[in-house]
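Novice: Before I ask anything, here is the structure I am working with.
The values are calculated or read from the model by the stated rules, or taken from the named source; none is laboratory data. If you're wondering where the values come from, they're calculated on a predicted model, not measured in any experiment. All Cβ positions, glycine included, derive from the backbone under ideal geometry; neighbour counts span all protein chains shown. What goes into the accessible areas is simple: the full protein's heavy atoms, side chains included, and nothing from ligands, DNA or RNA. Shrake-Rupley method; radii C 1.70, N 1.55, O 1.52, S 1.80 Å.
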Amino acid sequence: VADIAGEAEGEAEEEEGGAPVYQVDKIVEERVEGGGLEYRIKWRGWGSRWNTWEPERHIIDQVILTEWEETKARRAASAARSSASASRTDERDQALLAEYRDKWLARHAQAAVARHAGVSPGQLSAWLKGTIGHRAVAGVELKLRAWAAAARGQLASGASDGLPPARRAKRPATMTCARKPANNGREGRGRGRGRGEGEA
């Protein structure tokens with residue numbers, strides 16, 4: 001309930017001390033104006049276009065102010081959660097990530113590396129792209145770190161029997177012709193000679 005002294009159109013529900021009193025639906029905003037606090041009021045039974053700015057002294061029912069403070073606290077908490085999730089840093093071990101990209105996946109197929117490390121190819125792919133859930137990062141990296149250490153040990157000792165097969169070297173592309181040339185290897189017609197000359 002607010003005492004707005006006739007600043008909104010419509011019928012007041014009650015009279016209190018000669019001033020019209022209207023029912024407040026809710027407070028939607030607040031601002032500091034002229035050194036005092038004002039609230040944007042949504043009036044019960046009126047559309048949003050009839051919302052008005054009212055000074056704090058016009059708010060009779062203190063429950064409305066308490067509800068507004070609770071709404072502001074909820075909004076602030078929600079904004080803080082959104083900000084925290086948006087600014088979440090990359091939790092992946094960057095040195096391990098570089099080792100896998102530059103060393104192991106340059107030499108071996110990604111699916112084979114995943115199987116040897118004990119993770120699924122999907123988990124390894126998500127970890128490489130940074131789309132893996134933050135709860136799964138530690139478990140996946142534990143397995144990847146253990147496998148990388150074992151693989152480095154094997155390479156240092158000269159043994160490679162526990163490693164995935166090496167990637168095949170890509171063969172250079174060769175040009176092939178699917179059908180025989182139409183002229184059966186003879187010179188083409190009209191190239192530097194008169195038309196029909198030199199034909200057998």
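Novice: Which condition number does D25 fail, the rest of (1) at pLDDT 80 or above; (2) part of a helix (DSSP H, G or I) being met?
Specialist: (2)
Novice: Give the residue, chosen from E54, E38, E30, that is of a type in the set (D, E), farther than 30 Å from A150 by Cβ and open to solvent by 50 Å² or more (accessible area, probe 1.4 Å).
Specialist: Result of the check over E54, E38, E30: E30.
Novice: Being part of a helix (DSSP H, G or I) and at pLDDT below 90 is the filter here, so list the residues in segment 73-93 that pass it.
Specialist: Listed by number, the residues that qualify are R75, A76, A77, S78, A79, A80, R81, S82, S83, A84, S85, A86.
Novice: Quick one: is A114 exposed (fewer than 15 other Cβ atoms within 10 Å of the Cβ) and in a helix (DSSP H, G or I)?
Specialist: Criteria not met by A114.
Novice: Restricted to segment 122-141, and to residues that are in a helix (DSSP H, G or I) and open to solvent by 60 Å² or more (accessible area, probe 1.4 Å), which residue is nearest to P165 (Cα to Cα)?
Specialist: Among them, the one singled out is Q123.
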